[in-house]
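What follows is a single structure, written as structure tokens, with notes after it.
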Amino acid sequence: MLLDLAFLIPAFPLLGFLVILVAGRRLGEPGAGWVATMAMGGSFAAAAAVFLGLLGEDADERRHVQTLWEWVPVGDFSVDIGFLVDPLSITMTLFITGVGALIHLYSIGYMHGDENFSKFFLYLNLFAFSMLMLVLGDNLLLTFLGWEGVGACSYFLISFWFTEEANATAGKKAFVTNRIGDWGFMVATFLIFVTIGSIEYVDIIGNAEGGLISESTATWITVLLLIGAAGKSAQFPLYLWLPDAMAGPTPVSALIHAATMVTSGIYLLTRVNPVLAEAASWSTDLIAWVGALTALFAATIAVAQNDIKKVLAYSTVSQLGYMFLAVGIGAYIAAIFHMITHAFFKALLFLGSGSVIHGMHHDQDMRHYGGLQKLMPITSATFIVGWLAIAGVPPFSGFWSKDEILAYAYDVNPMLWVIGLLTALLTAFYMSRQVFMTFFGEYRYAEVRPEEISEIWDNRVTTAEAAVAEAEAGIGTAEEGIVKAQEKLDKAAEKLEQREAELAEADESDDKAVDKATKNLEKAKDGVVKAQEAVDEVTVSVDAARAEVDTARANVETVLAAAASAGDDLEGISDDDLPAAVKERREFHPHESPWQMTVPLILLSAAAVIAGVMNLPFSKDLHFLEKWLEPALYGNKHKLGLSGGELWILAIIAVVIGAVGIAAAVAIYLQKRIPAEKVELPILARGWRYDQAVSDFMGGPGRKGFDLVAWFDATIVDGIVNGTGRLVRTAGGGLRTLQTGLVRSYAALVAVGAVGLIAWFLVRTTF
């Protein structure tokens, strides 16, 4: 049977992992990449075969458990390595393996030249294997194994370029944050086991449907699973790790954000939907409100991001919020529908951003892009498809799935609908902003940047100030010359006096003596004249040096005034003044990515266009995904109570809202009618300072709290344990002295004991 091929779905990436582990260095580049890609392709083929086998079964019979072997036998309880094959798990495996295979292919081109090329694909295959175990496992323990596997692999992949501190920190942040969610999952698993004595999904679902799980227990399980899901699927307040995960290579971002790790929380909540149905309404309302508020919160932050991947990261958090909203109101099919379409267009957008980064010399700042539509035609065309899909423009896939969630939200709680609609407006705006800044307008990469202009003026000021210092040094030199010249003048004048005295003392009768004295006097006079000329000359040089200093100081003032008035203006700056980095950028030409990167973009863009046909709203006959998934929902989905006319009105409103968002982006970023600074608020760029607040807390009160817990553990807990051990050891040492091994000693002790016992009886009987 085709259903028995389910084990091949995770087996292929596991095999790829093992092959690369053993022979990765010999395979090298691109061999290791092709092995990993073919492994994912094989996994997709196996998933497709199992899908066809399941499709051939009657709707009520579309649930098959494939047990491979007994894993944990404990008395009457056991946990098996088994796979639950039903419409929900197979739907997940199809887009995980399909999108994953395309990301693997893309990575061959993206990671070209990396010294750890083979290791990267080793991690990718292991990551895919863990995710497939998560969705296929027939029990919570096996799901948790995959859950922890994707967490560990995410750490390896996010911090893949760990030599940079930011990358290593991002990996650790993801790992630590997810531990909070893992705690919720573990406690929920324990509670389920205590309640029903099993952790298999079949038993959990059966007990929930049979009313054997009380409302209070189901509520606690729901809340705990929400904590677990919020950690993995990056919902407030545990979303912080996902934007920082952009530190990893772009294919990792695409894999985590689109098809794997972040979807696991939604999958888990949907998988145990009968438990959610038995829980108190406030717990499911909590899921919906967490999702709605996270969607809006993340969308506001995305508005002000300049890193092309950071925009998409916050977009992922926001779109996951939509899915949580859908799960909370019982619109499970809408949640899965949006999960699938999101996998296509978000993988497309991330891979497109990677293509841009690859073509733009690894620059991720959108402010440096512009005009790339002509330079990177395939990347731009496919990226625009992803933009239209996420912006909710019909007939692209994102419109149908998002509109379905909004319709359910309106039917359940209009306030949730308003929040979802406002989020849709912001989504259309910030995604349009991203596209316009990247692909339209003037090409800005070769332009001189504001910080570089400041650098140029700073260099000019430094040069002018150096000229002042040099001129002042010239004054010092000239003044030293004056001193020396004056000394020579004084010596010449002194010598003149001596010669005059000699002439006065010379005997007038001695003509030779008089002539000699006269000649010496004339020489002395010449010396005085020359010394005075030297003094005058040096004095002139001092005056000139002082004038040069005044000129240099005036030049400094002029440069400072020019720098202050110039701002970002290039007036007065010649090409010779430009930094070397600017000259290098002017020689750089953006380029389209290789075929290994563009082919996945084309295929994903096609999926982003047509994926909406899975669940079109025009007729029940077109609800293919709904009919397919219904057996896995056990009748727990919310029944939409809106008329056809109401649905059309809501759809039109959603389209108008999306158009308003796009129009606003056109006015700001293409037509320049409104300054961008009015919407790109610093507080939004900093994520409402929430991340910084958490960091400050963890580094302050949080750190002190951890230190206190550590002290209590080391001093009190360990003290009790170690003290008990020492007490037992001391008592044992004392008792050991009595065990001499001599029979007479033991006989003496018995005799003493007997005498003591007799004495005790005598006392009791006498008194």
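Observations
- Between the stretch 38-88 and the stretch 601-615, the alpha-carbon center distance in angstrom: 27
- Extension gain for Ala49 to Trp183 (0.36 nm times residue separation, less C-alpha to C-alpha distance): 44.6 nm.
- Within the shell of other residues whose beta carbon sits under 14 angstrom from the beta carbon of Ala23, the net charge comes to +2, with Lys and Arg scored +1 and Asp and Glu -1.
- Theoretical gain in end-to-end length, Lys512 to Glu70 [0.36 nm per residue, Cα-Cα removed]: 145.6 nm
- For the stretch 653-667, 3J(HN,Hα) per residue [Karplus equation, 6.51 cos²θ - 1.76 cosθ + 1.60, θ = phi - 60°, Hz, x = Gly/Pro]: 4, 4, 5, 4, 4, x, 5, 4, x, 5, 4, 4, 5, 4, 4
- Counting all C-alpha pairs of the stretch 68-177, share separated by more than 25 Å (%): 34
- Amide proton proximity set for Gly82, modelled H, under 5 Å, gap of 5+: Leu68, Asp138
- Cβ crowding within 10 Å, taken as a proxy for footprinting-reagent exposure, orders Phe51, Phe440, Phe83, Phe761 from fewest neighbours to most as Phe761, Phe440, Phe51, Phe83.
- Ranked by how many other Cβ atoms sit within 10 Å of their own Cβ, fewest first, the residues Met1, Met40 fall in the order Met1, Met40.
- Calculated on C-alpha atoms, the gyration radius of the stretch 369-442 divided by its Kirkwood radius gives an Rg/Rh of 1.12.
- Taking His638, His342, His362 and counting other C-beta atoms within 10 Å, the order from fewest to most: His362, His638, His342
- Exceedance of the 20 Å cut-off in Cα-Cα distance is limited, within the set Lys346/Lys637; Lys488/Lys516; Lys491/Lys530; Lys309/Lys402; Lys374/Lys678, to Lys346/Lys637; Lys488/Lys516; Lys309/Lys402; Lys374/Lys678.
- All alpha carbon pair distances within the stretch 196-344 were sorted into 5 Å bins beginning at 0; the resulting P(r) in whole percents reads 2, 10, 20, 22, 18, 12, 8, 5, 3, 1, 0.
Laboratory data are not the source of any read-out in this text; all were calculated from the coordinates shown. None of the values given here were measured: they were computed from a predicted structure. Note: ideal-geometry Cβ built from the backbone for every residue, glycine included; neighbour counts use all protein chains shown.
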